[in-house]
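The values are calculated or read from the model by the stated rules, or taken from the named source; none is laboratory data. The shown structure was predicted, so the numbers you read here are calculated from the model rather than taken from an experiment. Here the Cβ positions follow ideal geometry from the backbone for every residue, glycine too, while neighbour counts run over all protein chains shown. These area figures cover heavy atoms from the full protein model, side chains too; ligands, DNA and RNA do not enter into them. Shrake-Rupley method; radii C 1.70, N 1.55, O 1.52, S 1.80 Å.
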Amino acid sequence: MSYNWKVLITDYAWSSIEPEREVLAKIGAELIVAETGGEKELLTLAPKVDGILTCWKPVRKCVIDAAKKCQIIARYGIGLDNIDVETATQNGIIVTNVPAYCVDEVSDHAMALLLACARKISSYNEAIKSGIWDQNIGPQMYRLRGKTLGIIGFGHIAKAIIPKAKAFGLNVKIYSPRTSAELIQPQGAEKVSFQDLLKTADFITIHAPLTTETQHMFSHDEFRAMKSTAFLINTARGGIVDTAALTEALQNGEIAGAGIDVLETEPPEIEEVLLTLDNVVITPHAAFVSEESILELEVTAATCVTQVLTGQRPKSIVNPSVLKRPNLRAKSLMQRM
């Protein structure tokens, strides 16, 4: 069979890529799946392809520069920290993401981690399985109703958490410097400064992208500013939290605990001290997972690729300025504009 295009998948975190294969087959696109997704392999494969689908593997400048025919890099997900978007733009390559997927899953997972911390679920479970039947292990527990949840960010997931948190009687404060109070208040939340949120929140949940501004947003000073009874929840990106500082804060009782789905190094090193602490609940970057969300992710990301390759404009272009560049590689799309 002859193919019109070739599309590279750098990596994926699910059992089957048949949904992508079916979507791409409709336009006669061949799927090339990297074995390791390592940079050396990607440099070999990149010059051959017209599009790239990527989950977590870094698509850096050298890979993008090598992809001389590539028209689109489509991210399986929301965050873009593994893609050099600036280089892609300079090379006339469209970059897309899937901004509205897994909203239910991640907001549910954040609340699940919050509840697991607040009600000592993990500690009780481990103690009982070790032969200990004791309601008094670990820190004291407090009623959720009337406590304050601080949310970092005000995107789709952050907004989805607000009604779920309020259903448990939590008051909600938002730190989102680029969002006006007039947009936040109708959602039943209060806009506050970062320092106010740190000092007053009983729980803080992070829903911001990893950028130069948010890298290690939570480090030693921030943990010292939090309540000693407070919990940190992170289902966003590991790099937003300084792992060493979090470990120290948990060991020293600067905060009561943490619920973590993302780490700076994934998977973590076996000797990572954070993994040994009783006051942290950790899941393996699984907040986005459900059968429904994965299928939605695969189909949507692959559809973005087919749209660009066939001259259509996808909804989720994250670098729209590329459309005005004279070197835009999606020539058929340029002709329709």
What does the accessible area of GLU271 come to, in Å² to the nearest 10, when a probe of 1.4 Å is used? 130 Å²
By the scheme Lys and Arg +1, Asp and Glu -1, what is the net charge of all other residues having a beta-carbon under 12 Å from that of VAL281? -1
In the chain, what percent of the accessible surface is made up of carbon and sulfur (1.4 Å probe, ligands and nucleic acids excluded)? 52 percent
For the full complex of protein chains and a 1.4 angstrom probe, list LYS147, LYS61 by accessible area with the highest value first. LYS61, LYS147
Here the relative contact order (percent) of the chain, from C-alpha pairs under 8 Å and at least 6 apart, is 19 percent
Order TYR76, TYR124, most accessible first, counting only protein heavy atoms with a 1.4 angstrom probe. TYR124, TYR76
Among LEU42, LEU277, LEU210, which one shows the biggest mean-square fluctuation in a GNM of the chain, springs joining Cα atoms closer than 10 Å? LEU277
Residue with peak Gaussian network fluctuation, the chain [Cα springs, cutoff 10 Å], from MET226, MET141, MET217: MET141
Pop out the ³J(HN,Hα) list for the range 135-144 in order, Karplus 6.51 cos²θ - 1.76 cosθ + 1.60 with θ = phi - 60°, rounded to Hz; leave Gly and Pro as x. 6, 9, 5, x, x, 5, 10, 10, 4, 6
Rg(Cα)/(2.2 N^0.38 Å) for the range 204-337, N = residue count: 1.44
P(r), alpha carbons of the range 218-270 - 10 Å bins starting at zero, rounded %: 26, 58, 16, 0
Among [x] 18.7, 62; [y] 24.1, 85; [z] 21.9, 70, the entry derived from the coordinates for Rg and Dmax of the Cα atoms in Å: [z]
Using a 1.4 Å probe on heavy atoms of the protein chains only, the accessible area for TRP5 in Å², nearest 10, reads 60 Å²
Nearest-10 value in Å² for the accessible area of SER122, using the 1.4 Å probe: 40 Å²
I want the local charge near ILE184. Using Cβ-Cβ distances under 15 Å, sum +1 for each Lys or Arg and -1 for each Asp or Glu among the other residues. +2
GNM top mover of ASN97, ASN125, ASN234 - the chain, alpha-carbon springs below 10 Å: ASN125
With each run of n ≥ 4 DSSP H residues scored as -39500 (n - 2.57), what mean residue ellipticity at 222 nm is computed for the chain after dividing by its residue count and rounding to the nearest 500 deg cm²/dmol? -9500 deg cm²/dmol
Cross-link pairs LYS6/LYS61; LYS147/LYS315; LYS120/LYS159; LYS69/LYS159; LYS48/LYS159; LYS26/LYS48 - those with Cα-Cα distance over 31 Å: LYS147/LYS315; LYS69/LYS159; LYS48/LYS159
Taking a probe of 1.4 Å and leaving out DNA, RNA and ligands, the chain shows per residue an accessible area in Å² of 48 Å²
